[in-house]
Amino acid sequence: MTSAHDQDERKGLIFGLVAYGLWGLFPLYWPLLKPASATEILAHRMAWSLLVIMVILAVRRDLSWIGQLRRTPRKALLLVLAATVVSVNWGMYIWAVNKGQVVETSLGYFINPLVTVLFGVLILHERLRPLQWAAVAVGAASIAELVIGYGHVPWIALILAFSFGSYGLFKKLASVPAVESMAVETGYQFIPALGYLAFLQAQGTATFGHTRWITTVLLACAGLVTVIPLLCFAAAANRLPLSTMGLLQFLAPILQLSCGVFIAHETVPGTEWIGFGIVWIALALFTYDSLQHSRSKNSKARASQPVPVAAVAVLNTPSLERAGESA
């Protein structure tokens, strides 16, 4: 019989697969919004995301968190910073995908876990285990190899990795629930986004409402496309062990890389594959260490649990003692 905990983990796994699967398929969505520019798409993504979040909050009918946030201006400032860096991340990603740089965007999200670990050490003063240090060192070697192979710094990948790593850091420091956090972030983004969209309409250069109806609909859906995987991610993170989440996070860049190679038909030089291979070695070390550490913690937790009184009584029965002697 399946326990409630197992059912919860299965739900979490489904939510996680949906979140990372959608993020991995984003390279197929943004080109559908052309001829809209990357900045117009970004503005629509910000504006419509707030409207989606407002609908969710209206259904929940809980606004008590607003008062709590007003009493903690530090959290509000951290969410402003989170909104800023995620805007950079979104804008760079949309621009790069529509410029045919899907493969390099996938590299950015392969590097991102290593950047997150680096932030943990440098900013949160977390201690790394030896294999984690090895993973970071191998990741740095991969970037060096790619610089040599490219002949230039893979700046798209690095901006994506460091902006999303910074986003995760600010969110962790703020420690505000997912929906409420997104409401604040998109609230900060909404006014400049709406102002830019109004400017485009006034100039007569807007795509929204002035091209095929399907493009207009897809621009309006940018909010749903943004919010759904984020909410699924939050639901998964609340139900799954960290080690499982760590493995799932590789799904998105693998799908992005596949989209770039097999659908967008981007060419990947041999030197770039070497760089990717070194990154995968770093991620393999990091994942192995995380799994081993998780298993060690679970085994220690089980060992520290007291033996039930009923079990002690059974172990002390004469019949079991005689059976042990005869064995």
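The values are calculated or read from the model by the stated rules, or taken from the named source; none is laboratory data. Keep in mind that what you see is a predicted model, and the values were worked out from it rather than measured. Note that we place each Cβ from the backbone using ideal geometry, even for glycine, and neighbour counts take in every protein chain shown.
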### Query
Only one of V85, V80 is touching an Asp or Glu at 6+ places or on another chain (Cβ under 9 Å), on the phi < 0 side of the Ramachandran plot, β-branched (V, I, T) and in a helix (DSSP H, G or I); which?
V80
#### Entry: Test: V59 is more than 30 Å from P154 (Cα to Cα), of a type in the set (A, V, I, L, M) and free of Cβ contacts under 8 Å to residues at least 60 places away in the same chain
yes
### Query
In this structure, does A174 turn out to be crowded, with 17+ Cβ neighbours inside 10 Å and closer than 24 Å to V88 by Cα?
yes
### Message
Just to verify a result, which residue in segment 262-293, among those that are of a type in the set (F, W, Y) and within 21 Å of V153 (Cα to Cα), is surrounded by the fewest Cβ atoms within 10 Å (Cβ to Cβ)?
### Response
W273
### Summary
Scanning segment 30-76 residue by residue, those assigned to a helix (DSSP H, G or I) and acidic (D, E) turn out to be E40
## Note on the structure
With criteria (1) closer than 23 Å to V179 by Cα; (2) buried (at least 20 other Cβ atoms within 10 Å of the Cβ), G67 comes up short on (2)
### Task
Please identify the pairs in which a residue from segment 103-127 that is among the aromatic types (F, W, Y) has its Cβ atom under 6 Å from the Cβ atom of a residue that is part of a helix (DSSP H, G or I) and at pLDDT below 85, counting only partners at least 6 apart or on another chain.
F110/V279
### Task
For segment 176-191, indicate whether the set of residues that are within 20 Å of the chain's Cα centre (by Cα) and of a type in the set (F, W, Y) is non-empty.
no
